[in-house]
Amino acid sequence: MIDSCSAADDAGVATAAAGAGADVVRSMYGRRLSRIDKGAGDFATAADVAAEEAILAVIRAARPEDAVLGEEGGQRGSAAARQWLVDPLCGTLNYAVGTIVVAVNVALRNGAAAVADPFGGEVFATDGATAWVRRAGVDAPLAPTPTSRLVDVNLDPPFPSTPGFRAVDLLAHPGFVERFRPRVVSTTLALAWVAAGKRAAYVTDGDALCGSVHFAAGIALCRAAGCVVTGIDGAPIAETSRGLVAAADAETHELLMSMIRNQT
């Protein structure tokens, strides 16, 4: 195992890498981009590939011995090394049709992480202990709050927990309608928004999200910001957890969990 670098330095690498990916995503926006079919309706664009290469260049320059698991390029480097998880363009379908709700996710497994909003001009980052947002070169601490009452729910497949849990049923729950207002996203930028106080919570199904290139950075942000983060069973999230409930506070989390439990 490679000796760990300081958490602060790792956060700087994550921030710089996410920023580099965001620069590419912005620069290629609006072009007619070639698509790479992944099957089952999923695809990548030339922007996904180029953004991942830009992120890799930053990580290689700063941490040449570290491994990288990329959404587009797969595993690079030894599995025994420290591993970076990279999703260079989360929300590819949005991007391809001209919708700017996308994210660039970079996370060191069990360490620092950053999520860049290419079009919002923000980079959300954590060193694993604290979390902040950088706007126009200025850092401010993240402060989660449920006051918006907005809850983002991911309706994208796969749905491994059906029929016990169905996100669409949560949206129709009388208690949900009474207390919250739904938002349906197709990017994990919403997790950063929970950490930043722009959303009250985020809910999704799925397997092993803690180690996913899509979710690891957002989960790290929420944890460091002080959010309540569990699987859909309410247990602390771990590598083998199913689904994800990230809430700004304990009350919001418990309300959502009570509605989820009522589905079963």
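The values are calculated or read from the model by the stated rules, or taken from the named source; none is laboratory data. Since the model is a prediction, treat every value here as computed from it, not as a measurement. Virtual Cβ from ideal backbone geometry, glycine too; neighbours counted across all protein chains shown. In case anyone asks, the SASA skips ligands and DNA or RNA and just uses the protein heavy atoms, side chains included. Shrake-Rupley method; radii C 1.70, N 1.55, O 1.52, S 1.80 Å.
Things to note:
- Charge sum, other residues only, whose C-beta stays under 11 Å from Phe124's C-beta, Lys/Arg counted +1 and Asp/Glu -1: 0
- Look at the dipole of segment 113-264 built from charges on Cβ: of Val177, Gly128, Gly231, the Cα furthest out on the positive end belongs to Val177.
- Inter-label distance for Asn110 and Glu239, nm, one decimal - labels placed 7 Å from Cα along Cα-to-Cβ: 0.8
- Overall, the chain carries a charge dipole of about 540 debye about its Cα centre when +1 sits on the Cβ of Lys and Arg and -1 on the Cβ of Asp and Glu, all other atoms neutral.
- Per residue Cα convex hull volume in Å³ - calculated over the chain: 119
- Normalised alpha carbon radius of gyration of segment 1-133 [divisor 2.2 N^0.38 Å]: 1.02
- Shape annotation for segment 215-264: C-alpha extents along the principal axes are 30, 24, 13 Å, from largest to smallest.
- Extents of segment 120-264, taken as max minus min of Cα coordinates on every principal axis and listed largest first, are 46, 32, 24 Å.
- Packing order of peptides 222-228, 199-205, highest average first: 199-205, 222-228 (average count of other Cβ atoms within 10 Å over each peptide's residues).
- Accessible surface of segment 23-112 [probe 1.4 Å, protein heavy atoms]: carbon and sulfur percent: 52
- Against the chain, whose longest principal axis is taken from its Cα atoms, helix 216-225 shows a tilt of about 70°.
- Loop-located GluC sites (Glu not before Pro) in segment 65-101 whose Cβ has at most 14 other Cβ within 10 Å (DSSP): Glu65
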